[in-house]
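Written below as structure tokens is the structure these notes are about.
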Amino acid sequence: MGKEPFSELKRTILKTIFARRITLGTFAAVALIVALTSGISWLNPLFYAPLAWFLITFPFQYLIRRQTDENTIHWIHACYFIVETLIITLFVYLTGGSQWIGNVFYLFTVMYANFFLPEVQGYIVTALVVLLYALVVMLEYTGILPYQFLFPVVGDLHKSLSYNLTTILAGTAAIYGVLTYTVRSFTNIYMRKNRILDEQRNRLSALSQQLVNAQNEERMSIAHELHDNLNQSLATVKLSLSSLHKRRPDAQLPELIAIIDQAISETRTLAYSLRPPLLDDLGLAPSIRRLAQMMEEAGRFKVITELEDDFRLTSQMESLLFSVIQEALTNAQRHAQAQTVRIDLKRNEDSIIIKVEDDGVGFVPTKSDGLGLRGIEERIGLVMGTVEISSAPGQGTTMTVEVPYAERARRDR
């Protein structure tokens, strides 16, 4: 565990110590009120057992503060729960054993242990609670332990004022008051952890979006260099060779000119694949049509398009969706052995929906799909979109992408 997660674990445990002190102090105060109002001696275990339970939190806090190792801190925590369980067992025995509400007093120990400790240690503490309570009950049953009863009553218990007051105040009001505080403490811990996770996710999402934007800008820059500089340089060389060939015919010059023509064509294709100029000038739909045309001209497969083009998106969103479609077509080319691919682009009131469907060999979608599909899902997830892959062997593949669309997201023309 890293330094920050361990520090967070230690802070959380120390916070629970404070919560226990409040709950145990509250219980001891209620028990004192019970003793003063019910006729039970104030020296009874109902008061001093929670007090002893309260006092052991101080050495426990001291030991926790000194630890620098996660495993050690868990074992110290487990030892505290064991000591706590022993104190509770004595308290249960002195307050009526199985005849009153003894097994309820273990509730908070079991809750805390299974909330904070590793699974095995949590089970150990829970098993110890069951064994110790069962031991008290059976020892009382066999007469090995003399029965201790908290209430000096004669006759029916439900007619005893001391029994009823103690049950109401200590057994109901205090128990459920402490339970409420404990649950709220756990809830606050979870809420704080969730806030931290949300902040980390937001930072990661923002960083990922910055990386995607930087990548788009880099692709745009490289495409510009290829299209405007390298392409023009190759065209200049071609013109020079053509002019030279007219003045001094050479059998090798036409072959060189053909090679340069091929290089110019490949440079244009590469520049377009990085960042099509149409994307900035005319938008997503015309760029997709041009991409489909290039795929058909390359003899790869037939591409059918049905595209709405009466809207514009932000430059980043258009780049993202174009690259997703480009990746889908590349997958269809490399893996699907498709003859026909269909691309649908439409806009509804609050989202953009893209569907790419091929008639290829298909596959069984799994969580371990290739980097291409995982990359699409991650990039679409950054803009709060969704990706759905539908495929089966021999039945082709359909990829449906949906991203949010709002009026404010439109790009200025």
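The values are calculated or read from the model by the stated rules, or taken from the named source; none is laboratory data. Computed from a predicted structure; not experimentally measured. Here Cβ is always computed from backbone atoms with ideal geometry, including for glycine, and neighbour counts include all displayed protein chains.
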Check: Taking the condition buried (at least 17 other Cβ atoms within 10 Å of the Cβ), at pLDDT below 80 and either more than 30 Å from Asn164 (Cα to Cα) or out of contact with any strand residue (DSSP E or B) (no Cβ under 9 Å at 6 or more places or on another chain) (or both), does Val92 pass?
Finding: no
Next item on the list: Would you confirm whether any residue within region 324-331 is exposed (fewer than 15 other Cβ atoms within 10 Å of the Cβ), of a type in the set (Asp, Glu) and either within 23 Å of Gly394 (Cβ to Cβ) or assigned by TED's automatic domain parsing to the domain that holds Phe363 (or both)?
Entry: no
Next item on the list: Can you confirm whether region 9-16 contains a residue that is modelled with pLDDT under 80, surrounded by fewer than 19 Cβ atoms within 10 Å (Cβ to Cβ) and aliphatic (A, V, I, L, M)?
Entry: yes
Check: Do you know which of the residues in region 109-136 that are within 20 Å of Trp53 (Cβ to Cβ) and hydroxyl-bearing (Ser, Thr, Tyr) is nearest to the chain's Cα centre (by Cα)?
Finding: Tyr112
Next item on the list: Look through region 174-202, keep the residues that are surrounded by fewer than 16 Cβ atoms within 10 Å (Cβ to Cβ) and aliphatic (A, V, I, L, M), and return whichever of them is farthest from Ala19 (Cα to Cα).
Entry: Leu197
Note to self: I need a count of the residues in region 300-323 that are at pLDDT below 85 and of a type in the set (Val, Ile, Thr).
What the structure shows: 1
Margin query: Take the residues in region 335-352 that are within 15 Å of Ser391 (Cβ to Cβ) and not small (Gly, Ala, Ser); name whichever of them is modelled with the lowest pLDDT.
Written below: His335
